[in-house]
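**Q** One structure coming up, written as C-alpha cells, with questions to follow.
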Amino acid sequence: MRKELFIELSSSSVGTYKLVFGSGTTLTVEPTSQKSSVPEVIVMKSKKLEDDGRIGKAACLARNSYTKTISLEMSSNKVVYEINTPILTSEGLYNAIQVVNVTESTEVTCSAKFNNSTITASTTSAEEEAEEPVIEKVCNTTDTSAQDNKVEKANMLSMAVLGLRVLLAKSIAFNTLMSIKLFLF
C-alpha cells in the first residue's frame with residue numbers, strides 16, 4: 001500500500017524534494033509557487049531500422065519544465081514507451097518522454113501540452129539525410145616522445161612495485177625472527 005503526502009512550502013524555497021519512508025510511503029515537498037517556463041521539446045528519429053527494413057523508432061523529449069502536468073502527442077499512434085508521470089530531476093524540473101514506431105520516410109512531429117499551451121517540434125528531411133562525418137586516421141612517425149613517455153612511466157611503476165615487494169619480504173623475515181626470539185628466549 002503506497003501513501004502519498006504532499007507539503008507545500010513558501011515561495012522562498014527552491015526545488016522539489018521526494019522522500020520515501022518505510023515500505024512505500026512517499027513524501028513530496030514542493031514550493032507553492034513555481035516559475036513558469038517553457039520546456040525544450042526535442043524530436044529524435046533512429047537511423048537503424050528493424051528487421052523488415054521499413055519500421056524504426058522515434059522519440060519525443062520535453063525537458064526542463066517546472067510543471068508536472070505535461071502531456072506528449074506524436075504523429076504516430078504506435079506507442080512503444082511512455083511514462084505515466086514526468087521524471088523529476090535533481091534541479092526540481094520535470095522531463096517527459098514518449099517513444100513510437102514510425103516508417104522510414106515519415107516526418108515525425110511531437111506536441112507538448114502544458115498549462116493551456118502547446119509546443120510543437122518535428123524532424124526535418126535535412127537532418128535525416130545528413131551524412132556522417134568522415135574521420136581520417138593520420139599516422140605521424142616522427143613524434144615518438146609520447147610513446148617513450150608511456151614506456152618510462154611503465155618502467156617506473158614496475159620498479160616501484162618491485163621495491164615494495166622487497167620491503168614486504170624484509171618486514172616478514174624480520175617479524176618472523178623477532179617472533180622466534182620472543183618464544184625461545
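The values are calculated or read from the model by the stated rules, or taken from the named source; none is laboratory data. Computed from a predicted structure; not experimentally measured. Neighbour counts run over all protein chains shown; Cβ positions are idealised from the backbone, glycine included.
**Q** Of everything in segment 48-89, what is of a type outside the set (Val, Ile, Thr), in contact (Cβ under 8 Å) with a residue 12 or more places away in the chain and not in a strand (DSSP E or B)? Give them in sequence order.
**A** Matches in segment 48-89: LEU49, GLY53, ARG54, TYR66, LYS68, SER75, SER76, ASN77, LYS78, PRO86.
**Q** Is it the case that some residue within segment 64-87 is under 25 Å from SER122 (Cβ atoms), modelled with pLDDT under 70 and out of contact with any Cys (no Cβ under 8 Å at 6 or more places or on another chain)?
**A** No: zero hits.
**Q** Now for a separate question. Given the residues THR118, THR28, which is the only one that is outside any loop (DSSP other than H, G, I, E, B) and at pLDDT below 85? Steps first, please.
**A** Values: THR118 fails: at pLDDT below 85.
Every option except THR28 fails the conditions.
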